[in-house]
Amino acid sequence: MSNRAVLEVIALDAEDAVAAQAGGADRLELVTDMAADGLTPSRETFAAIRSAVDIPLRVMLRVADGFAAGDIDVLVGTARELREAGADEFVFGFLDADGHADLVAVERLVAELDGCRWTFHRAIDRAADRDAVRKQLADLPGLDTFLTAGSPAGVAAGIPTLVAEAARSGEPGYEAQILVGGGLHLHHLPELLAAGIDAVHIGGPARPAGWSGPVDAAAVREWREALDA
């Protein structure tokens, strides 16, 4: 398997997925309703995308905007249905009212996923203590990635945090891959790559026409080439 940097692209449907793969995406994050920053797609959407491409798919488990888990029974049931449809990688992350990891919700989902790989998404950027969240989650089965901008304000503000966390790679709580996304631009890549960060996540930058338009293979290819340079 190649050691090149991972390029993950948000896909809303099969058309997005095909274009992202054609442009060089390594993995897709599947969501719906970007007005709510990405919610769980339907089982039918997952199935259509799975049939259209052969790269890994990470499916969002999130039923409402924000970082509260909401009805965990609904989330667990949704995860079960998606697994039955063939999903085997997921994205989720929840905080409690005090800004700590909601371990009750997260552990319920982890138990349902039974070893599937998963990403703790940008809830970490809203956490009261990022280091504490990482250490709370460190031993949970399947966790291999943190999607983060380093700051709730986005990557431009979060680069110092991202660089500092990358320097701690391998320490307890810092074993998972850092996947940078959230206000990410091409001009941020040299500093991130120099720090040893080897995975990025794009949504809007893959869509020159905005969220109302589809993923554009040429836009994705520009990121692929920048990562490979």
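Could you tell me whether ALA22 is open to solvent by less than 50 Å² (accessible area, probe 1.4 Å), in a helix (DSSP H, G or I) and under 18 Å from PRO205 (Cβ atoms)?
Criteria not met by ALA22.
Would it be correct to say that LEU189 is surrounded by fewer than 21 Cβ atoms within 10 Å (Cβ to Cβ), in a helix (DSSP H, G or I) and out of contact with any Asp or Glu (no Cβ under 8 Å at 6 or more places or on another chain)?
The answer is yes for LEU189.
Could you tell me which of the residues ASP71, ASP125, ASP129 is among the acidic types (Asp, Glu) and under 24 Å from ALA194 (Cβ atoms)?
The conditions single out ASP125.
Here is a yes/no grid of residues against (1) assigned to a helix (DSSP H, G or I); (2) crowded, with 23+ Cβ neighbours inside 10 Å:
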| position | (1), (2) |
| --- | --- |
| VAL74 | yes, no |
| GLY77 | yes, no |
| ARG83 | yes, no |
| GLY86 | no, no |
| ALA97 | no, no |
| ARG108 | yes, no |
| GLY115 | no, no |
| THR119 | no, yes |
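Matching residues to (1) over 26 Å from ALA87 (Cα atoms); (2) over 14 Å from the mean Cα position of the chain (by Cα); (3) at pLDDT 95 or above; (4) surrounded by 22 or more Cβ atoms within 10 Å (Cβ to Cβ):
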site	(1), (2), (3), (4)
LEU140	no, yes, yes, no
ALA157	yes, yes, yes, no
VAL163	yes, yes, yes, no
LEU179	no, no, yes, yes
HIS201	no, no, yes, yes
ALA206	no, yes, yes, yes
ALA217	no, yes, yes, no
GLU225	yes, yes, yes, no
ALA229	yes, yes, no, no
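Here is a list of conditions, (1) among the β-branched types (Val, Ile, Thr); (2) in contact (Cβ under 8 Å) with a residue 40 or more places away in the chain; (3) within 19 Å of LEU113 (Cβ to Cβ), and VAL59 meets all of them except one; can you say which number that is?
Going through (1) among the β-branched types (Val, Ile, Thr); (2) in contact (Cβ under 8 Å) with a residue 40 or more places away in the chain; (3) within 19 Å of LEU113 (Cβ to Cβ) one by one, VAL59 breaks only (2).
The values are calculated or read from the model by the stated rules, or taken from the named source; none is laboratory data. What you see is a predicted model, and the numbers here were worked out from it, not measured in a lab. Virtual Cβ from ideal backbone geometry, glycine too; neighbours counted across all protein chains shown. Surface accessibility is based on the protein's heavy atoms, side chains included, excluding ligands, DNA and RNA. Shrake-Rupley method; radii C 1.70, N 1.55, O 1.52, S 1.80 Å.
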